[in-house]
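Contents: one structure, followed by commentary.
The values are calculated or read from the model by the stated rules, or taken from the named source; none is laboratory data. Computed from a prediction, not measured in an experiment: that's the story for all the values here. We place every Cβ from the backbone using ideal geometry, glycine too, and count neighbours over all the protein chains shown. Side chains included, ligands, DNA and RNA excluded: accessible areas come from the protein's heavy atoms. Shrake-Rupley method; radii C 1.70, N 1.55, O 1.52, S 1.80 Å.
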Amino acid sequence: MDVCMLLSAKEWDEKHVSTSINPHDKQHDIVFRSNLEDLEDLYNRVVVHESASEVIQNSGLARFFEIRIKRVDQQLSYGIIERWWYSTNSFHFPNFEIGFTPLDFVHLSRIPIGNSRRRLEYIATNRWKSRENQELENTYFAPVHGYANYNKKSGDFPISCLAKYIKENPTNDENWEIMTRYFLLWVISKNLMARSTTRASKGWIASLRDLNAIRDYDWGSACFSHLYSSTSAVIRGGKNMCGMAILLEY
């Protein structure tokens with residue numbers, strides 16, 4: 001059986017991924033929100049400080065930061081996602097079915113799952129105007145580039161501001177904690193738990209306040225379930241693939 005026909009969820013005479021010989025063809029309107037652009041650069045800028053490096057190495061995410069996966073064939077991701085059935089959480093092909101298990105996720109992302117780790121904490125950003133959240137705002141987000149121009153009562157701000165701060169400020173003894181939190185918040189917003197927006201949610205600071213506790217969180221389960229739900233949302237007609245779809249190519 002032809003490989004292209006195997007991947008396609010459409011009839012042979014319909015327009016789908018298998019009709020394209022150009023991997024850069026823009027015939028699909030799905031936007032892939034999670035990507036590894038700038039990851040290596042930002043990681044290398046932060047871990048130059050011994051304390052920051054130690055926190056990241058103990059976080060459970062260190063091996064993910066060191067992977068060199070690049071998106072080389074986005075058309076393949078389109079073809080695979082076409083085969084997803086949200087009712088069974090598996091990929092259905094004409095003659096067989098393939099599951100995507102937590103073990104698969106761990107092997108591909110290098111992010112561990114379970115093992116008595118605790119659930120990630122998140123602050124509901126629709127209530128960011130509270131006094132408690134405004135204290136978090138002033139404590140953790142004041143150093144962000146252009147902070148004075150942002151709405152302090154809003155639950156999010158541009159992801160690019162985090163990267164800009166890290167690139168413009170060398171990591172040192174005074175700011176290494178800030179740099180570590182901003183890097184991890186950038187990773188959450190751009191890679192692990194990407195949303196259909198270019199803005200970072202301040203609510204994730206709840207999981208980043210205590211840098212020594214980062215290693216206790218179950219990052220893998222959160223990312224794995226996010227990939228499941230994002231793929232299901234796309235196959236139901238959504239236009240934004242927010243989970244780490246790049247893993248599906250491998």
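With 0.36 nm allotted per residue and the present C-alpha distance subtracted, the N172-I98 stretch has 21.9 nm of extension available. Of the trypsin sites (Lys or Arg not before Pro) in the stretch 91-150, the ones in a loop by DSSP (not H, G, I, E or B) with at most 13 other beta carbons within 10 Å are R119, K129.
In deg cm²/dmol and to the nearest 500, what is the mean residue ellipticity at 222 nm of the chain if only DSSP H runs of at least 4 residues count, each as -39500 (n - 2.57), divided by the residue total? Before the final figure, lay out the partial values.
Details: 10 runs with 86 residues, N = 250.
Calculated mean residue ellipticity at 222 nm is -9500 deg cm²/dmol.
As a length-normalised measure over Cα pairs under 8 Å and 6 or more apart, the relative contact order of the stretch 123-163 settles at 49 percent.
Among Y43, Y122, Y217, the residue with the largest mean-square fluctuation in a Gaussian network model of the chain, with springs joining Cα atoms closer than 10 Å, is Y122.
Within the assembled protein chains, the solvent-accessible surface assigned to K164 is about 80 Å², based on a 1.4 Å probe.
In whole percent, and with a 1.4 Å probe on the protein chains, what portion of the accessible area of the chain is carbon and sulfur? Before the final figure, lay out the partial values.
Numbers: 6190 of 12890 Å².
Carbon with sulfur: 48 percent of the solvent-accessible area.
If the chain linking K153 and R199 were pulled fully straight, counting 0.36 nm for each residue of separation and taking away their Cα-Cα distance, it would gain 15.1 nm. Set against the labelled values [x] 51, 46, 35; [y] 61, 36, 31; [z] 58, 47, 36, Cα extents along the principal axes in Å computed from this structure falls on [y]. Shown here for the stretch 167-232: GluC sites (Glu not before Pro) in loop regions (DSSP other than H, G, I, E, B) with at most 11 other Cβ atoms within 10 Å, namely E174. With a threshold of 26 Å on the Cα-Cα distance, the over-threshold entries among K167/K202; K164/K239; K153/K190; K129/K167; K153/K239 are K164/K239; K129/K167; K153/K239.
The C-alpha radius of gyration of the stretch 132-174, expressed as a fraction of 2.2 N^0.38 Å, stands at 1.21.
Using the alpha carbons alone, the radius of gyration of the stretch 103-193 stands to its Kirkwood radius in an Rg to Rh ratio of 1.02. The residue list S207, N138, N191 was ranked by how far each Cα lies along the charge dipole of the chain toward its positive end, using unit charges on Cβ atoms, and N138 comes out on top.
Length gained on full extension, S87 to R119: 9.0 nm, using 0.36 nm per residue less the C-alpha separation.
When only the Cβ of Lys, Arg, Asp and Glu is charged (+1, +1, -1, -1), the dipole of the chain relative to its Cα centre reaches about 740 debye.
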